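The values are calculated or read from the model by the stated rules, or taken from the named source; none is laboratory data. This is a predicted model, so every value here is computed, not measured. Note: ideal-geometry Cβ built from the backbone for every residue, glycine included; neighbour counts use all protein chains shown. Only protein heavy atoms, including side chains, enter the accessible area calculation; ligands, DNA and RNA are left aside. Shrake-Rupley method; radii C 1.70, N 1.55, O 1.52, S 1.80 Å.
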Amino acid sequence: MPYLAKGVFLPRFDRPAAPGPRPEFVPPNPTAQWRLGPDAGRNYARVSGDFNPIHLSALSAKALGLKRSIAHGMYMASRVVGETGPAMQEPFEWNIEFESPVFLPATVSIRISESGSPGERGTTTFTGWNQRSRRRHFHGWARPLDAGTQPAGA
């Protein structure tokens with residue numbers, strides 16, 4: 001698997017299908033804003049051990065063809081799931097889809113919405129975007145596992 005090779009495909013893998021047109025994103029009212037400094041990638045690397053140069057500095061990211069360093073996807077995922085998941089005392093599953101990179105430094109607008117009856121936990125959805133450009137960075141959900149789908153030992 002090419003780690004830092006944008007647009008390179010190995011012969012044994014099929015070229016991904018061209019995505020269809022995305023529906024227009026209309027930003028909702030944010031429930032939070034994250035301010036990420038230029039050191040967010042380095043801070044995450046120290047914790048995770050993932051020292052990918054595209055996350056460490058503008059200089060190392062530029063050497064690899066990016067305009068600035070970008071926030072790590074797993075950092076963004078862990079942060080948003082951390083804000084949606086702690087209220088869940090039971091095991092839960094989650095999913096995130098990335099649409100555009102978060103160039104550092106950045107302010108990311110976040111919308112977290114919960115569904116479910118009072119006293120019952122339903123699916124929590126989340127979206128992160130750039131308020132100025134109206135470009136969505138990611139979206140996803142977290143929800144409790146049903147009793148029949150919980151992993152063994154849970």
* **Hey, residue 83 touching a residue at least 24 places away in the same chain (Cβ under 8 Å) and open to solvent by 40 Å² or more (accessible area, probe 1.4 Å) or not** => yes
* Considering only the stretch 128-148, how many residues are open to solvent by 40 Å² or more (accessible area, probe 1.4 Å) and outside any strand (DSSP E or B)? -> 7
* Filter the stretch 101-126 for residues that are among the polar types (S, T, N, Q) and more than 17 Å from residue 28 (Cβ to Cβ) and give the result. => 117
* Kindly provide the set of residues from the stretch 100-127 that are in contact (Cβ under 8 Å) with a residue 40 or more places away in the chain, part of a loop (DSSP other than H, G, I, E, B) and closer than 18 Å to residue 145 by Cα, ordered by number. => none
